[in-house]
Structures are given as C-alpha cells and as structure tokens.
Amino acid sequence: MIEFSKINTTCHGQVLQLARDEAIEFLLTDSRKAFVSNRSLFFAIDGVRNDGHEHVQELYDKGIRQFVVEKDVDLTRLPKANVLLVESSIDCLQAIVKTHRKQFDIPIIGITGSNGKTIVKEWLYELLSPVYNCIKNPGSYNSQIGVPLSVWQLDKIHNLGIFEAGISQPQEMDKLQEMIQPTIGIFTNIGTAHSEGFASDKAKVQEKMKLFATSKTIVYCSDYSLIHEALTSVQGEDKDLLGWGYREGSKVLLKLKNEFEIEFSTPFGNYSFTYPFRDLASRENLTHCIVTLLHLDFPPSKIQELISKIRPIEMRLEVKQGSNQCQIVDDSYNNDLGGFQISLDFLDGLGKEKRTVILSDFQQSGLSQVEISDRVINMLLEKGVEKFYGIGLGFEQTKDFFKKQTNLFSQFYLTTDDFINQVDWSSFRDEVILVKGGRVFQFEKIVKRLQKKIHGTVMSIDIERMINNLNFFKSLLDPQVKLMVMVKALAYGSGSNEISSLLQYHKVDYLGVAYTDEGVDLRNNNVRIPIMVMNPVEDGFASLLEFDLEPEVYSLSLLKSLIQFLDGREMGIHLKIDTGMNRLGIVQGEIAAVINLLSTNKNLRVLSIFSHLAGSDDSLHDEFTRKQYDLFSRYASKIEEALSIRPLRHILNSSGILRFPDLQLDMVRLGIGLYGIDPSGQLQDKLSPVVTLKTVISQIKVVEPGESIGYGRKGAVNERMRIATIAIGYADGFSRGFSQGKGFVVIRGRKVPVVGNVCMDMTMVDITRVEDAEEGDEVIIFGDAMPIQSVADRINTIPYEILTNTGERVKRIFLSGGI
C-alpha cells in the first residue's frame, strides 16, 4: 500500500489539502459502488455525461476522506479530507497501479482479442487455481478503468495473475500493458468487435499485440492469418510464439480425430485430449487454455483430468422471480472476493431495502478464513445486508468470530444439503436474495427452491445490453440535456420495478409511466427519482400527492379538477401541448384559459412543457415534424412569458433523438430505443436487442397424412409430419395472428412454422426438418435468432405490441455481467 502523501510523486499533481495522512487500500471510481473506509481513495472523473465531482460531497458525508480531483472543490466543506488536484484522474489511477504492479515478480498471463477473452480467463483461473493462488479481473473489468481496479488487487499472497485487456480505440493498449506487464500472452482471435475505432483489422491486431511487449511466450491460433503474420513479423527472437492450428506449419499442430477428441503435435511432445464440448468457439477457447497449461509444464494426464470438469461458464448473473414476492440474484457458478463485490454492487442497485446473502466458502483465496470473514462482514455491512447464510467448512469454523464481529443476522451450514434441509424456507419474504457460490457447492439447488414456480416460458432481459443502449442514447445528447425514460406498460413488458431500479441506479433524470398506480408501485419499491404520470385520473389525485408523483395535464378540464382537489396544496405538473398528434394535449383554444388558471393558482408549479411527435421515425413526415416543433415552440414561449417561468421543454421520443439532434431542447424521452429497437431503422446497427422470449418443447409426436392439428382442424396434414407442442399461447402474448403458418419460431438454430391455430396455453409447430429436436429443447420466440421486427412484420404489427403483449404470468429473468 501507498500513503496519500506519496501518490503525488507518481501523479504529479498539487496537494490541495492533507488533513491526515492515510494508507490507500481501496480505489474507487463510481460513487454508487463506494466502499466507505478511511483507506478509500475516490477518483473524481469528469466524463461526457457524468461528473464525479458532483458526488464528492455526498461521499465525504458518507465517510470517504481521500480524493483525487480534476478541478477545484470547496475545501471548506471537506475539512477532514485529503485532496489531490491532477490533470487527469484516470491517468493518476493508472500511474498508481503501474507503480503497484512493479512490486510483484510473478507470472502474469495477459489476454486480449475480439472474442473469448473472459471465457479463457475464467477457465484458466479454474484450471490453475488448484496449483496457484491466482488473481484475475472480476467480471469483464478489462477497460482503462477496469484493468487498474483489477491489478490493484495483486497482493503478496498471489503467485500468478490472469488479466484480460479490451480496447476500442488506438493508443489504448500501451496504458493497459504498462499496468498488466504480462509475462505470458494469449491472443484469442480477431473479429468485428470495436472495429469502428480502427482503420482496418490489421491496425486493430497491431494495437492489441502491444499488450505482449513484456511477454516471453505468446499463445495464439495460427489459423488467423492476420494475427500470425503480425506476431511473426514484428516480435523479436526473444519471444516463444506458441501458435496452434490445423494448418501445416503450426508450432502446435492439431488434428481432429472425432467430434470430441483432438491430437496435439507440440514441442513438448505428442498428446491427445478429449474435449467436453463440440462447438467451435468452446474448442478454440479451451485450446488456448490447454496450450498454456502445457507451457506451464502441467502433465497431459493432469490437463485431461482438469478439462474434463470444465463446463460452459454462465457469464452473467440472473435476476429471477422468487416465491413470496422475493427477487433472486442467481450468481451460483463462480465465487471469489472480487466477483462477490460486483454482485453486492448489483444487489445494491436493485433498490430493495431487505437484502439477504447466501454465500459459499471462497476457495484458493490465499487468505485465512478469519481474514475472509472479516472482509465479508465489512462488505455486507457496507451494502446494508440484513441476513447472511454462510455455507462451507470455512464459514462453519469461523462462525463464532463472525457473530462476535457483528450483530448481523447470520446462520452457518457445513454443506449445501444441510442448508436445504435445515433452513426455514418460509422466512424468505419480500426481499432480494443474492445466491453466490463456487460451482462445487451446487447452489443451483438453492435457486431452484427459492424460485417462483412458473411454466417454462421465460422473457430474459439483458441488462448489459440495455445499459449499452442507454449510454448510446446519452452519447447523442448535449451535456445539459436531461433524460426521461418511459417505463409504462410494465416497462414495455419487461418488468417496471426491476428496470426502474436499474435506471435509478444509472442516474437517469426522470421516469414516465402511463397511470398513477404504476407510479405508486414504483414508489413502494424504493424508486425515488421524479416520475411523470401521463394519464392521471381524478380518482388517483390523492395518490399523486401522497407519493410525490407529477401528473401530465393535457386538458383544461383536467387542470380545473386538479386545482379543485388540491385546494391550495402544492404540486408539480407537466403541461402537454397538442401540436398535431391529436391524441392527448392542450389545444390552441385552451392555452389562454390555462395561463389564466395557472397565474391565479401559484401552488401549481409547471415543471415542464412538452409535446409528442407524430412521425419522427419516417423521413416522409420530416416537414410535419418541423412544423410540430415550431408550433410547440410558439405555444411554450407564450405560456412561459405570460407566467414568467422557464420550465423544461421536451418533444423528442426515441426515433426523434436519433433523427433530430437539433431539437433536443432541455430533455428527451427515451422509450422503445432502450430495448434496442430503432423505429426509424436507420441506426439499428448501433443498438443491441435487449429482450428474448423463449419457451420449451413440451411434447413431440408424429402425425400421419389425413389427420389434422389443433382447434377447428385448421392444421391439415398432407404428408407425414413431426410436430412439437411448445409451452406458449395467446394467454402469454403469442398472438392468434401467428396461426396457420404465419408465425415462425427457432429450434436448434432453424426456423419452423406454426401449424394450426395458436391455443390459449400452447402452440404446435412443424419440426419435420429438425430431426435432432428433442422434448425439453429451447424454443426462441424472438431474440437474436429471430429479430422482433421480423416477428412483428409477420402479422402486420409493430415491436411495441409484441413486447407489451407478453403476459404477466411469463417469468422475467434479468441477465447481467457476473463472476
């Protein structure tokens, strides 16, 4: 560790204040994930959309006492703080970690490439942990900020490090290399990821291979010509290039004996390994691991023993619906302290007040169990966890220490089966439960017991993709423009409470709902940011006031009713102006009367004035869109001048944000775009689809010619047909419009048509040409394999309807970066 007074030597800044010199143990860059300690150092980063300096006071009030800043802060409000002023907080963070890395003379494996980096890292960690005390990036912490936070965890207990490095622009890898300084390099592959930042794939390869400047050995697939040519032409004779491939001339030559067994001809000898996978991507990732283990002198028999236990890694934790109004955060496949911190941060972001953690022992951590328990206690208390269940010999042995250190409710069990057989399952109610355990503990058994029992149709929502979409839209906005996100209609079918908590965590400015009870439900689930109610009714006025909800006022009559109800009490409102949508909105003839009422009822505060574009997604209507904007501007100015106010103005929806950047005004409203759908179709390649709807095959049968399928005998059979009954019907939102061949689903990567009529709870599809389909197989209704736009086109509707029709009985699962 380094003291605060010493970091200026590394960062070359100006010490603005040194209240009390402290050692630095925790590096923080995100105010939402701050670990409060005298030894925490917060780096305030002034980004394009978020400024860390805005949270310095908040963190100081919580107990953080050490800060690196890029601009002046009010020291009079930080009397006990240490503050260092630098030109770049990120550069300072990296410089500190670079110095820290120099203290360790141990093997470090550095991994880069377009795909597979995290899988290779996780598998290597699993394969090497029985022999080494390893340290790795938690999750996908491979960026300019993620790498330093990962390398900072290097400690004297470790004797091997495994770090991945990801880049999106030229000149980024030099900085990552200086912090990682790998002795062994792995170049996984080259593909299209982040290609937009480079002039060519060759330029991208050359940038990525900078990671290996200090590497003595480099493992790569020589079948990738660009990688092979770049490494062999540039790297010096001091490099041991372990290029493997199926082409003659590869240093490690592979030959496929059958779909599971591969022969290796290597400088170390000739071997044969049986793989637990047959898909090409998994084989490629595992081969990188095998060659690395051979280089580290692992006996082939030991390698075979280890890889036979490898299983596909679930790269993302899942949020699932549990019994008794619980939410389950399923992270039951991997466990280490870094990953546990990420999972706790995610738990914190869900917003529920009652928090429970079920945790297994940490294996191969290099720490004593007392040290582990002490760290776990601090992490639990920091995140406001109420109940803790520790499972494993280590926690069982230190339960007395645990109970002495904290009054936190805690119970301990030697095995997972002990927990399952002895715990009071009825005690889990109205809480969010993190289930985090190493694979050997089989915590999936616990998740299964906690989960709500619902049929096999599942809607999965990819949180990482959603946040990427959110950040893409943020990147299009001028820095001062606020963002309202629409979460009406169950957040377009994906689950209002979970999505709203996520958006609150990521600091959006406003949420929009359709009805008052939707807003009340969000308030009851600890959503505290401003909420606009688009369609308030008189019966809900009291709830608007009680739950601090802000109604849209769209007519003179609604305004009069609200004034009468409030009887002088204050409320913030949003004025909706009709400029041509001809749906809800104050019309031109009402504006004078609205002004008169607001001028005499000062208890009503106009928070925003807005309108809605009717055709922003289609260039055919661009002239009309401009006319709407001009009309809105005139009406808004008239109201503002008459009342001497300057509320927020907003008119853009998702397609408007994409197509009319000059009309951003003070705020924009993001809806369907958050879910990766561009109604205009012009920037769809910049967005990632967020939602996947899938079900399972319940039964397979063979139907002979002359028979029929389904109600009304609408499914005529003219030739021998193999059909599958799938567990979804119109009660789940799978429209009857998909009947009789109009709809398609995907099974084992192939599109198959609906046969006969869609039923209430099930549907039949023709799988005659999918010969390997089996009962229990996954069926994709829409997702990456079946784009929602194409699904909507089949029945002449729009993605909005497909999303929002998905029934509430369909289980929602939220996927996020885990590990």
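Quick notes
- Of ALA785, ALA716, ALA727, ALA773, all but one fail to be under 23 Å from ASP279 (Cβ atoms), open to solvent by 10 Å² or more (accessible area, probe 1.4 Å), among the aliphatic types (A, V, I, L, M) and in contact with a strand residue (DSSP E or B) (Cβ under 7 Å, 6 or more places away or on another chain); the exception is ALA785.
- Scanning the range 155-178 for residues that are polar (S, T, N, Q) and modelled with pLDDT of 95 or more returns a single hit, GLN177.
- In the range 632-655, the residues that are part of a helix (DSSP H, G or I), touching a residue at least 12 places away in the same chain (Cβ under 8 Å) and either open to solvent by 40 Å² or more (accessible area, probe 1.4 Å) or closer than 14 Å to PHE472 by Cα (or both): LYS638, ALA642, SER654, SER655
- When we screen ILE313, ILE290 for residues that are at pLDDT below 80 and either of a type in the set (A, V, I, L, M, F, W, C) or in contact with a strand residue (DSSP E or B) (Cβ under 9 Å, 6 or more places away or on another chain) (or both), the only hit is ILE313.
- Of the residues contained in the range 270-292, none is found to be within 31 Å of the chain's Cα centre (by Cα), in a strand (DSSP E or B) and surrounded by 16 or more Cβ atoms within 10 Å (Cβ to Cβ).
- Among helices (runs of 4 or more DSSP H) entirely within the range 126-221, having at least 3 residues that are of a type in the set (A, V, I, L, M, F, W, C) and open to solvent by 20 Å² or more (accessible area, probe 1.4 Å) singles out no element at all.
- Within the range 427-441, considering residues that are in contact (Cβ under 8 Å) with a residue 60 or more places away in the chain and of a type outside the set (A, V, I, L, M, F, W, C), the one most open to solvent (accessible area, probe 1.4 Å): ARG429
- Where strands (runs of 3 or more DSSP E) sit wholly within the range 518-595, those with at least 1 residues that are under 21 Å from SER500 (Cβ atoms) and open to solvent by 10 Å² or more (accessible area, probe 1.4 Å) occupy 550-553.
- Residue check for PHE260: under 27 Å from PRO312 (Cα atoms), open to solvent by less than 80 Å² (accessible area, probe 1.4 Å) and touching a strand residue (DSSP E or B) at 6+ places or on another chain (Cβ under 8 Å): yes
- Output for the range 10-39, where each listed residue is in a helix (DSSP H, G or I) and either among the basic types (Lys, Arg) or at pLDDT 90 or above (or both): THR10, CYS11, ARG32, LYS33
- Within the range 388-422, tally of residues that are open to solvent by 60 Å² or more (accessible area, probe 1.4 Å) and part of a helix (DSSP H, G or I): 10
- Scanning the range 350-367 for residues that are farther than 18 Å from GLY339 by Cα and at pLDDT below 90 yields a count of 3.
- Only one of the numbered conditions (1) surrounded by 20 or more Cβ atoms within 10 Å (Cβ to Cβ); (2) in contact with a Gly (Cβ under 9 Å, 6 or more places away or on another chain); (3) closer than 30 Å to GLN153 by Cα is not met by LEU231, and that is (3).
The values are calculated or read from the model by the stated rules, or taken from the named source; none is laboratory data. Bear in mind that the values here come from a model prediction, so they are computed numbers and not experimental data. Every residue, glycine as well, gets a Cβ built from its backbone with ideal geometry; the counts of neighbours run over all protein chains shown. These area figures cover heavy atoms from the full protein model, side chains too; ligands, DNA and RNA do not enter into them. Shrake-Rupley method; radii C 1.70, N 1.55, O 1.52, S 1.80 Å.
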